1. Could you tell me which residue of the range B:50-77 is nearest to A:A126 (Cα to Cα), considering only residues that are aliphatic (A, V, I, L, M) and more than 8 Å from every other protein chain (Cβ to nearest Cβ)?
2. Within the range B:158-193, can you find the residues that are in a loop (DSSP other than H, G, I, E, B) and among the aliphatic types (A, V, I, L, M)?
3. Within the range A:235-264, track down each residue that is part of a strand (DSSP E or B) and either in contact with a His (Cβ under 7 Å, 6 or more places away or on another chain) or without any contact (Cβ under 8 Å) to a residue 40 or more places away in the chain (or both).
4. Taking A:N167 as the residue in question, decide whether it is within 30 Å of A:G111 (Cβ to Cβ), at pLDDT below 95 and not aromatic (F, W, Y).
5. Anything in the range A:101-118 that is within 17 Å of the chain's Cα centre (by Cα) and either buried (at least 23 other Cβ atoms within 10 Å of the Cβ) or among the hydroxyl-bearing types (S, T, Y) (or both)? List them, or say none.
6. What single numbered condition from (1) without any contact (Cβ under 8 Å) to a residue 12 or more places away in the chain; (2) polar (S, T, N, Q); (3) assigned by TED's automatic domain parsing to the domain that holds B:Q63 fails to hold for B:Q278?
7. Of all residues in the range B:173-193 being over 23 Å from the mean Cα position of the chain (by Cα) and small (G, A, S), which is nearest to the other protein chains (Cβ to nearest Cβ)?
Amino acid sequence: MSTFTGIITALSSLQAQQQAMDTAGHNVANVNTLGYRRQEVRFSARGPYPLAGSAAGTMGGLCGIGVQVDSIRRAQDEFLNLHFNTTGGELSRWTSTQNALKEIESIMAPGPGLDLGATMDKFWDAWQSLSTNPEDLSARSDLRADGLAVASSFRNLVQRLRWSASNIDSTIENTVEEINRATSQIAGLNRDISLALGESRQPNDLLDQRDVLFQRIAEITGATLITPAGGQPILNLNGKALVQGNLALELKAEPGASGYLEIKWADDDTPVVLQSGELAGKFQVRDQMIPQYLSQLDDMASTLVSQVNTLHEQGFGLDNQTDLNFFTPGTSAADITVDDAILDDVRAIASASAADSPGDGSMALAIAALRTEPVMAGGISINQSWQYLYGSVGNDVKVAEDHIYSAQLIHDQLASRQQSISGVSLDEEMAQMIQYQHAYDAAARVLTVADEMLGTIIEQMGAR
Amino acid sequence: MRISTAMMAHSVQTYLGRATENMFKIQEQAASGLRINRPSDDPTGAQYAANLRSAQAEVVQYQKNVDEGMHFLKATDSTLAGIVNMVRSARDIAIAGAGNGAASEMRSALASNVDQILNSVVRAANSDEAGRFIFGGFKTVTPPFAADPGNTPPVIYSGDSGIMMFQIGRASNVAVNLPGDQVFNMNGEANPAMPDLFSTLNDLKTALLAGDDAGINAAIAQLDDHLSRLISMRGEIGSRQQSMELAANQLASVEFSLKESLSKTEDADLVKVMMDLQQQQNTYQATVNVAAMLSRPGLWDRLT
């Protein structure tokens with residue numbers, strides 16, 4: 001045992017407490033930092049020293065020589081993190097679905113009396129009015145205006161739905177760039193982390209940063225983490241490693257068969273199939289829901305055109321014209337329009353079942369009866385088909401909202417459990433700082449005493 | 001559970017957010033008076049409401065059709081009434097001129113009366129309702145009857161036998177017009193054994209001028225037949241008016257019940273909304289108060 005052991009012991013404590021104090025300061029400083037995990041200093045007693053002059057093998061033969069900082073631990077739960085990333089992906093998937101659908105809902109349901117259903121009601125009413133007043137040119141003009149309104153309602157809906165889809169599409173490229181940026185950052189962090197670990201340093205703050213990036217990518221793509229024993233976590237997307245070690249694979253957005261952007265792996269051009277995350281939600285709306293709404297609108301429009309025309313062709317106008325279409329023949333809601341013959345002269349609208357019968361409204365009445373006739377697949381009328389579409393858009397929004405509600409609950413709960421483990425508590429840090437401060441004071445006191453003891457030896461003994 | 005500082009702030013944020021969102025929803029209901037402000041608020045209810053609104057529009061249109069039909073029937077009825085009176089006076093004239101060897105001056109005066117009646121009946125037969133000739137069948141834009149003096153028959157019918165049907169319910173169409181060939185027995189349309197009303201009147205005029213008693217008596221018999229047909233046609237119009245009125249009443253009650261159903265489906269219960277709003281405001285207030293208390297630092301300010 002050396003003369004200076006006491007000083008060394010005290011010094012080790014001073015250094016260790018200082019380090020702990022610094023860590024508490026670091027925690028306090030990062031109380032509001034995104035993804036920051038609380039750090040804890042772990043102390044251990046320094047390796048004991050055999051006492052000189054004591055018999056070997058007897059108890060108490062070892063003398064402690066102070067404290068050392070073992071590690072600075074990062075308070076976290078790996079399993080919670082994984083779970084948190086998964087629910088984050090689910091939550092952002094439904095949130096992006098809901099955002100896109102909310103817009104579509106407001107397109108489809110602008111308010112009572114303003115939607116396509118109300119426009120069609122007016123159209124059928126106009127045929128009824130014509131059937132009671134077939135000679136009346138103003139009833140005919142009204143009908144033509146209502147026919148034009150139905151046609152433009154269809155076309156507007158198609159246009160705005162397509163616009164919604166291309167709106168979604170226009171965000172894809174930026175998102176892919178964000179993913180690529182994040183994955184290359186992760187690869188860089190992986191390199192730094194393995195360097196630090198190789199030098200037996202604990203790269204806590206780098207790990208925090210990497211976790212934030214993992215979380216962001218999970219939110220966008222639903223990518224999952226696989227941690228092989230003893231290795232660094234692999235970011236796995238679609239059964240392929242998006243980032244492994246310091247290698248990040250790039251994604252790219254390219255126009256697919258549908259004309260919209262598809263996400264592919266840049267290395268082998270295979271498409272990325274997304275099951276969760278913001279992008280999956282966007283793709284669901286863009287590639288499934290909007291096309292489904294559009295095809296239902298097409299069904300309605302083509303049925304309307306063909307049914308009205310079939311009757312209209314058999315009828316006679318005020319000018320005795322017959323075999324005319326009311327709507328320009330077509331099968332798409334995107335280009336439905338009132339036929340030129342009708343636009344040119346409202347007298348061409350066929351209201352009668354025979355020529356030279358200006359007072360005959362029977363064909364108009366037959367066309368008006370289409371309102372309730374089950375002419376659509378499934379034995380429903382065109383109006384009912386609209387009501388069904390209207391309700392199903394509402395239902396799709398509701399389903400997304402319900403998913404958000406439950407995903408949010410789970411996510412919040414996980415977040416609070418994670419925070420409970422990893423978050424900084426200012427009170428706690430304060431208490432610990434007091435603890436470390438006292439320990440530091442005491443160590444300083446030990447140093448003073450050791451110094452005095454040395455003084456006794458050096459000065460008083462030397463003076464003799 | 002260990003509570004970190006950020007957790008407290010975050011949970012306050014979450015709860016405040018939730019309270020505000022709930023309050024917003026209730027405020028929206030209070031402002032619009034509607035429980036369903038967009039389909040996703042209640043997809044089934046919204047779909048049902050859309051269906052009800054469509055049915056409402058349908059009923060309103062049927063009501064318009066009933067109004068139109070009533071106008072037409074009324075015009076037909078009053079015109080028929082006038083014609084019945086004219087035929088009656090023609091019959092009175094015929095009786096006055098028959099049998100008793102009346103002086104020829106008197107009979108020629110009677111004959112000219114009959115001629116005037118004939119012209120009046122032609123005018124009445126060409127009556128229109130808002131520009132539509134009511135006795136022309138489907139030929140509503142040109143006068144259906146034209147005098148053709150000196151020929152047989154003395155009046156030509158250019159209308160047809162078209163019957164206008166107005167829809168006054170999902171499965172209920174009502175005929176609103178009487179085609180002129182039926183009313184005046186043109187070409188024996190109503191009774192093949194008899195000439196038309198105009199021919200009868202013309203024959204009566206000729207018989208009166210000629211002092212032909214047999215002819216006058218034959219005309220009287222024909223006029224009786226015309227009268228009974230015209231009267232039964234008025235009865236027919238009357239019963240159509242009745243069924244229209246009945247339909248109007250039914251439509252009004254259907255409209256009312258649709259309105260009621262729609263209100264039940266999508267209207268907000270304002271009393272409940274007010275209560276909910278109050279409750280949400282209390283919750284919000286409490287959350288804000290808690291937030292204010294939380295923001296005070298704990299151990300921190302005790303030690304410094």
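The values are calculated or read from the model by the stated rules, or taken from the named source; none is laboratory data. In this text the structure is predicted, and so the values were computed from the model without any measurement. Cβ coordinates were reconstructed from backbone atoms using ideal geometry, including for glycine residues, and neighbour counts include every protein chain displayed.
1. Top of the filtered list is B:V59.
2. Within the range B:158-193, B:I163, B:M164, B:A171, B:V176, B:L178, B:A190, B:A193 qualify.
3. A:N236, A:L237, A:K240, A:A241, A:Q244, A:E254, A:P255, A:E262, A:K264
4. Considered against the rule, which asks whether it is within 30 Å of A:G111 (Cβ to Cβ), at pLDDT below 95 and not aromatic (F, W, Y), A:N167 comes out as yes.
5. Within the range A:101-118, just A:L101 meets the criteria.
6. Every condition holds for B:Q278 apart from (3).
7. B:G180
To keep it simple, each residue is scored yes or no on (1) surrounded by 15 or more Cβ atoms within 10 Å (Cβ to Cβ); (2) under 47 Å from the mean Cα position of the chain (by Cα); (3) assigned to a helix (DSSP H, G or I).
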| residue | (1), (2), (3) |
| --- | --- |
| B:P195 | yes, yes, no |
| B:L204 | yes, yes, yes |
| B:G238 | no, yes, yes |
| B:A252 | no, yes, yes |
